[in-house]
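What follows is a short report on a single structure.
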């Protein structure tokens, strides 16, 4: 099993604390390794702090910056690492970043590579790779890098690859005795990562070189040590960082069919010492250098995902396509988020899909997926995932068959063009002229069929003619996530195989009615995952017909939707009997926060319990404080509102808006005018008026647990 998010976060925090404790009073990290001289070691450690989550204004980072700004390094590695550190700081370090990048561009050799020092020695793979990564991060920070530098760097890497596709530290002919000239993992991973950075820029052709380097790494796959290292101490931790970056632009985080983030995180956690540091091999990496590279690799592994991509069908586009690499990089810069992407197989398990809020399906010809993918994608959508269908070019067959496939998959879904005022086209950027089809139920728009030119524009790269395609993806990200990507990645509730279920369940019922009673159908499953992770008890939902006796074993009856056409007298009588005779509890919420639904539902509740029966639940009520059943509930006296609710209410958080009906000392009905169902299922629609997902789940679970405690006469705290 992969490590949990908590374990990885703890490992990063301990590595950061150890690095801070090693920092000298002048802001430096002292040491004697030649490869990290001239402040390179300090820049590396400070860059690692930022990657691990330290803020730029913190004393340790500021002290390192002051120390580094006073230096005038003559070493390429030091300049590149300082540039990477400055790029991670952002706009405040732009002056230093400009200076170091211009120094690096001026120091590029005639062969296209970089030497360890500008004025001495041959070009080498490590210095060249660091310089290329620095140029790439500088471009992401909006610096202009002339195309000639990418082309010359590509020429160097292509010319210096060995016959087997791998790389050594020095190129052929660099020395009479070519030290570590044979292919080995450290140089090959660094070169593959640098080649990926060049490909993402799009100026130079280097696909074949990167593909051959990745093939070498796959053949010699090893996360435990540098493979095929000829002699001496190995730079194992620098290798691991470059290894996890090596497949970028092909299929990030996936190499030789293995998920690098899981395997590297597990290996690094096992190698970490109790005090937080990692042991380097003295001639290759000091403990500071090893710990810094390990923290960088862990941070890369822990980096949340924005997009999973599946290449669809027999005529799918090549995996070497750079469409997602360029599109997600642009969105990251524009929205200020740090999230990646990766390719997954068409039959990827649900726990893998759940790690990203967006699933992109792209291909040509007739749309087809394995039979095993049908249920997986249906459950992904029910859990709040969003699917983008992007034909690889204008392909009416792909678009038509994808539309048919999804309408057959999602019973009750239809397809229609998005109206011009839909938030997906307006939320961040004003998109015009893109005909987008939504395959959706009422308000739950989670499948979007894009025009064929969108993926082609992502492949071409951002310019004035392709801007709307990139801006569309930014809109999708904001629409789906509110601009804040969920940081869960190794969450055990996501990693658990679907077949493994809790041994005990609390049963609830979904009340059927003439409206969209099954809105946000995946909410119960999401609640079950959350409760099982806490107390190993699941939630199981059944559909309940109101014209029949309501099963007495149901702890809670859930009335939700966006449209309610009213209940018949017999329906209300059955609900009343369920509450009074069986000791049940009725939960009412407007699934998306629709005021009309809530008003109609409120009228029905008052017909059942009386016109003055519904009253606000105060913040000290046990159902909100969680102080019932021995304190089994959560404290939901303060919650965070969804994006739409924040805009309407003018604040980000506050008390939940909950109302209740009480009889004989217990709550028999809970009413929420703000959405619970949609956010409990997953990321709520952009226009949902409610709570963030975690708080919506906590509220509903409090109601379920309260009902359970009341049924068992255990309401006392």
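Read the figures in this text as sums done on the coordinates, not as results from a lab. The structure presented is a predicted model; accordingly, all values stated were derived computationally and were not measured.
Helix 40-51: angle to the longest alpha-carbon principal axis of the chain, degrees 0 to 90, nearest 10? Rounded to the nearest ten degrees, it is 10.
Which whole-number percent gives the relative contact order of the chain, counting Cα pairs below 8 Å spaced six or more residues apart? The partial results should precede the final answer.
Numbers: 1472 pairs, mean separation 62.4, N = 717.
The value is 9 percent.
Out of the DSSP beta bridges found with both residues in the range 501-711, what percent are antiparallel (nearest 5)? Percent antiparallel among DSSP bridges in the range 501-711 is about 30.
Adding -39500 (n - 2.57) for every DSSP H run of four residues or longer, then dividing by how many residues the chain holds, sets the calculated 222 nm ellipticity at -13500 deg cm²/dmol.
Between residue 640 and residue 536, 0.36 nm times their residue separation minus their Cα-Cα distance comes to what?
Working: separation 104, 0.36 × 104 = 37.44 nm, distance 2.59 nm.
That works out to 34.9 nm of additional length.
For residue 514 and residue 99, the difference between the fully extended length at 0.36 nm per residue and the C-alpha to C-alpha distance is 142.7 nm. The Cα-based radius of gyration and maximum Cα-Cα distance (Dmax) for the range 321-448 are 14.8, 38 Å. What's the long-distance tail for the range 5-302, i.e. % of Cα pairs beyond 29 Å? Taking all Cα-Cα pairs of the range 5-302, the fraction more than 29 Å apart is 27 percent. The tail of the calculated P(r) for the range 501-711 beyond 20 Å holds 53 percent of all Cα-Cα pairs. Output the antiparallel fraction of DSSP beta bridges having both residues in the chain, as a percent to the nearest 5. Given both bridge residues lie in the chain, the antiparallel proportion sits at roughly 35 percent. Against the main long axis of the alpha-carbon atoms of the chain, helix 693-711 sits at an angle near 40°.
Helix 260-271 and the long axis of the chain differ in direction by around 80°, with both axes built from C-alpha atoms.
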